[in-house]
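Chemist: Starting off with a structure, shown below.
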Amino acid sequence: MSNALAKPQKPSFSRFLAKDIERYARLGLSHSEIAALWEVAPATVSGWIKRYKGLRDAYSRGRSVADAKVAAALYKRATGFSVTERHVTTTQDGIILKTIDKHFAPDVGAIKFWLTNRQPEHWRDRVEAQVDGSITVELRQFREPIDGEIEDVIE
């Protein structure tokens, strides 16, 4: 028997969107950038993430992966690292392969960023000062000069 008169099924979009949103979050895309890809308003994407646990979890997983990659790169910059490069040069005599080991010294900016965020009690930029005592404010009443007073001051 044909099911032509059956009520149409609402498409289950969340499973497909969850895969996409996790992938986009891994790439570091914001709600606004994801909205542009999906051709919807940023508030729509934010609302879906709040409303649907599957989307929220997928977005969170993707962001965690992206954050971990950035944290690893920041740590690498803060502590210094070495890389091996292979250079290929073609000459009349043939091909020359060179292996070059390069070392990158720790980056002061990365070190500062890492420490101010990981140990703010020791490395914060802001200095808090406590001031004790009192302040006295003296108010004086000024009046308009009387004729002749200005000339006396000038002379």
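Chemist: Does any residue in the range 100-125 that is more than 20 Å from V83 (Cβ to Cβ) come within less than 7 Å, Cβ to Cβ, of a residue that is surrounded by fewer than 11 Cβ atoms within 10 Å (Cβ to Cβ) six or more places away or on a different chain, and which pairs are these?
Modeler: T116/D125
Chemist: To continue, here is another question. Which of the residues belonging to the range 77-133 are in a loop (DSSP other than H, G, I, E, B) and over 23 Å from the mean Cα position of the chain (by Cα)?
Modeler: Once the filter is applied, which keeps residues that are in a loop (DSSP other than H, G, I, E, B) and over 23 Å from the mean Cα position of the chain (by Cα), the range 77-133 yields Q92, D93, A105, V127, E128, A129, Q130, V131, D132, G133.
Chemist: Can you find even one residue in the range 53-74 that is touching a strand residue (DSSP E or B) at 6+ places or on another chain (Cβ under 9 Å), outside any loop (DSSP other than H, G, I, E, B) and of a type in the set (S, T, Y)?
Modeler: No, because not a single residue in the range 53-74 is touching a strand residue (DSSP E or B) at 6+ places or on another chain (Cβ under 9 Å), outside any loop (DSSP other than H, G, I, E, B) and of a type in the set (S, T, Y).
No value in this document is a laboratory result; all are computed from the given coordinates. Because the structure is a prediction, the values reported are computed rather than measured. Using ideal geometry, Cβ is built from the backbone for each residue, glycine included, and neighbour counts are taken over all protein chains shown.
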